[in-house]
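Taken together, the values in this text are just the output of simple stated rules run on the coordinates, not laboratory data. As the structure is a computational prediction, the values presented were derived from the model and not from experiment. We place every Cβ from the backbone using ideal geometry, glycine too, and count neighbours over all the protein chains shown.
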Amino acid sequence: MEHRTSPTPTGADQQKNQANRLAVLVTGASGGIGRAISQAFGEIGWYVGVHYYQNESAAETTLGQVLKVGGTGSTYAADVREPESVRRMFDQFSRNTQGPIAVVCNAGIGQSELLVRHADHIWDNVLATNLTGTFHCLRACAPLLLDRGGGSIIVIGSHTGFHGARGQSAYATSKAGLIGLVKTAALEWGPQNIRVNLLLPGWQKTDLTEGVFPEGSGWLDHALRRPPASEEMARTVVHLAQLRDMSGQVWNCDSRYL
């Protein structure tokens with residue numbers, strides 16, 4: 001499913017304008033981190049593919065912000081747990097764009113349950129969304145990037161994937177798995193000029209962190225005693241997408257040690 005709402009000219013001029021813009025597809029763009037990243041790309045004039053799974057209204061809000069700051073874009077619906085759904089999304093994105101592209105794999109869900117009490121279906125869903133879903137996106141976007149002479153993939157990871165967290169066994173495991181996935185993809189696709197990097201956004205105030213977001217003096221493990229600003233995190237993603245000579249790396253946006 002693809003929904004176009006960009007206020008651009010009609011006909012051949014519209015197609016030319018869209019094709020000439022640099023383009024990025026941001027998965028999970030209906031949420032807080034994905035929205036901030038989408039807006040940051042819009043601010044530098046990119047075409048932004050705003051992916052969502054079920055919350056079309058939130059995706060339209062993200063797209064509205066992209067358009068407001070000078071970008072163009074469309075919304076794309078897909079279930080990242082389903083490979084055919086992901087393939088259709090990238091096929092549509094390919095038809096709507098031309099030239100260099102970037103992909104930001106941000107879609108993910110959380111959980112909060114002690115390991116010994118963890119339900120199988122919750123574990124399966126978190127891993128299917130965060131880890132296998134990212135695998136589906138990487139596999140589906142690779143032919144498109146190869147066809148266009150390379151490009152940038154940025155996977156959104158988590159500090160938890162390196163250090164674990166109480167009550168976050170499925171989430172931490174899924175994010176830890178992304179480290180190996182990113183480094184392997186970087187090695188396999190580097191000769192074709194596809195750059196694959198992992199970015200840790202730090203604590204961001206989103207629906208995913210509601211009820212667990214540290215407050216007050218909860219930043220003692222941060223050297224700067226504060227979390228990273230969402231705008232700075234998003235601008236870092238944009239910067240990474242434009243770097244031509246870095247791949248297989250982990251970029252940490254906050255002041256905690258890895």
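Using only the alpha-carbon atoms of segment 2-252, report the extent along each of the three principal axes, biggest first, to the nearest angstrom.
58, 38, 35
Given a Förster radius of 30 Å and the C-beta distance between Arg244 and Leu224 as r, what FRET efficiency does 1/(1 + (r/R0)^6) yield to the nearest 0.05?
According to the calculation, E is roughly 0.50.
Can you pull the one-decimal nm distance between simple spin-label points at Asn193 and Glu82, each 7 Å off the Cα toward Cβ?
3.6 nm
Mind checking the angle between helix 230-242 and the chain's longest principal axis? C-alpha axes, 0 to 90 degrees, to the nearest 10.
Between the helix axis and the principal axis of the chain, the angle is about 60 degrees.
Give the calculated FRET efficiency between Asp124 and Glu231 to the nearest 0.05, with a Förster radius of 30 Å applied to their Cβ-Cβ distance.
It comes to 0.30.
Looking at the chain, what % of its DSSP beta bridges pair antiparallel, to the nearest 5?
That works out to approximately 10 percent antiparallel.
Take the alpha carbon atoms of segment 19-52, find their center, do the same for segment 55-70, and report the distance between the two centers in whole angstrom.
Centre-to-centre distance over Cα atoms comes out at 9 Å.
Considering only the other residues whose Cβ falls under 13 Å of the Cβ of Gly64, what net charge follows from Lys and Arg at +1 and Asp and Glu at -1?
Net charge around Gly64: 0.
Round to the nearest 0.05 the FRET efficiency obtained for Leu258 and Arg95 when R0 = 51 Å and r is the Cβ-Cβ distance.
With a Förster radius of 51 Å, E is 0.80.
Using only Cα atoms, tell me the angle between helix 133-147 and the longest principal axis of the chain; keep it within 0 to 90° and round to the nearest 10.
So the inclination is approximately 30 degrees.
Compute, for segment 2-252, the length of the dipole vector about the Cα centre, with Cβ point charges of +1 (Lys, Arg) and -1 (Asp, Glu) only. Units Debye, rounded to 20.
Here segment 2-252 has a charge dipole of around 500 debye.
Full extension from Ile44 to Ala165: what is 0.36 nm times the residue separation minus their Cα-Cα distance, to one decimal in nm?
40.0 nm
For the residue pair Val116 and Gln54, what label-to-label distance in nm results when each label sits 7 Å from Cα along the Cα-to-beta-carbon direction?
3.2 nm
Calculate how steeply helix 11-20 sits against the longest principal axis of the alpha-carbon atoms of the chain, using the helix alpha-carbon long axis, and give the answer as 0 to 90 degrees to the nearest 10.
Roughly 50 degrees, rounded to the nearest 10.
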